[in-house]
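Heads up: the structure comes next, in structure tokens.
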Amino acid sequence: MKNLKVCDLIYIFIIASICGWFMEGLWSLIIYHTFINHSAVVIGPFNMAYGICAVLLTVILIKYQNSSYPKLFFIGFVGGSIIEYIMSLGMEVFLGFTAWDYSQRFLNINGRICFLYSLFWGLLGIFWIKICYPYIMKLIKKIKPKLKEKLAVYIVIFLMFDILITLSAIKRARAFEKGIEPQNQYEKILDKTFNSKYLKNMFNNNWRS
């Protein structure tokens with residue numbers, strides 16, 4: 001993949017996750033006049049949907065980076081649609097909520113993807129691999145190799161820790177809504193911090209207990 005390393009993908013993931021969180025937050029302020037914390041985890045501004053998409057688009061498109069725009073558009077259209085479908089299904093199966101529903105849109109498949117947003121995926125594929133990816137790689141290459149590898153390891157450890165806390169917060173919030181009292185000090189802390197109110201804002205009110 002043109003000398004693309006796992007370490008590079010980690011940085012692409014984290015940068016895209018933060019940028020996605022910022023864009024979603026700004027959008028909610030403009031449209032709804034309120035801030036919605038679109039993070040996928042309870043600690044930090046990480047909208048991992050953007051991070052995952054950035055990594056997968058990079059893997060899919062990197063060898064076609066110098067291809068024509070129509071070819072890149074087609075690959076982004078198909079690849080992005082598949083990514084979006086799998087992510088929607090995964091959220092519903094593993095997290096128990098639906099983050100988006102395109103059931104009312106033209107040419108949708110199970111409400112998970114639709115023709116309009118597939119077009120956006122095609123355009124995003126071109127924009128990502130032609131503009132965003134080269135710029136991000138320039139930034140990543142400015143980090144000293146040894147430091148870059150160490151930071152990547154720390155980032156992965158932190159994200160794994162963050163994901164574990166998020167999963168336990170979701171489990172505890174559902175228990176709380178069923179009237180189950182906290183069983184230990186950790187669950188009491190979760191009730192005061194990463195509770196159902198916090199999670200409802202984070203998951204854009206698509207929470208299901």
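Computed from the coordinates by the stated procedures, all read-outs in this text should not be read as laboratory data. Just so it is clear, the model here is predicted, and its values are computed rather than measured. Heads up, the Cβs are rebuilt from the backbone with ideal geometry, glycines too, and the neighbour counts pull from every protein chain shown.
List the trypsin sites (Lys or Arg not before Pro) within segment 131-163 that fall in a DSSP loop (any state other than H, G, I, E or B) and whose Cβ has at most 10 other Cβ atoms within 10 Å.
Here the trypsin sites (Lys or Arg not before Pro) that fit, given the DSSP loop and packing criteria, are LYS142.
Here the simple spin-label model places points 7 Å from the Cα toward Cβ, and for MET137 and THR98 these points are separated by 3.9 nm.
Please give the helix 145-177 orientation as an angle from the longest Cα principal axis of the chain, in degrees from 0 to 90, rounded to the nearest 10. Value to nearest ten degrees: 40. Evaluating 6.51 cos²θ - 1.76 cosθ + 1.60 at θ = phi - 60° for every residue in segment 37-52, the Karplus couplings come out as 7, 7, 7, 8, 10, 6, 10, x, x, 10, 8, 5, 4, 5, x, 4 Hz, glycine and proline recorded as x.
Based on every Cα atom in segment 57-209, Rg and the maximum pairwise Cα distance Dmax equal 20.1, 59 Å.
If you take the Cα centroid of segment 9-50 and the Cα centroid of segment 57-105, the two points sit 18 Å apart. Fully extending the segment from VAL6 to SER67 would add 19.6 nm, taking 0.36 nm per residue of separation and subtracting the current Cα-Cα distance. Short-range pairs are left out: with C-alpha atoms under 8 Å and at least six residues apart, the relative contact order of segment 10-202 is 21 percent.
Could you sort out which of LYS5/LYS63; LYS71/LYS138; LYS150/LYS171; LYS5/LYS150; LYS71/LYS141; LYS171/LYS192 sit more than 21 Å apart by Cα distance in this structure? Among LYS5/LYS63; LYS71/LYS138; LYS150/LYS171; LYS5/LYS150; LYS71/LYS141; LYS171/LYS192, the Cα-Cα distance tops 21 Å for LYS71/LYS138; LYS150/LYS171; LYS71/LYS141.
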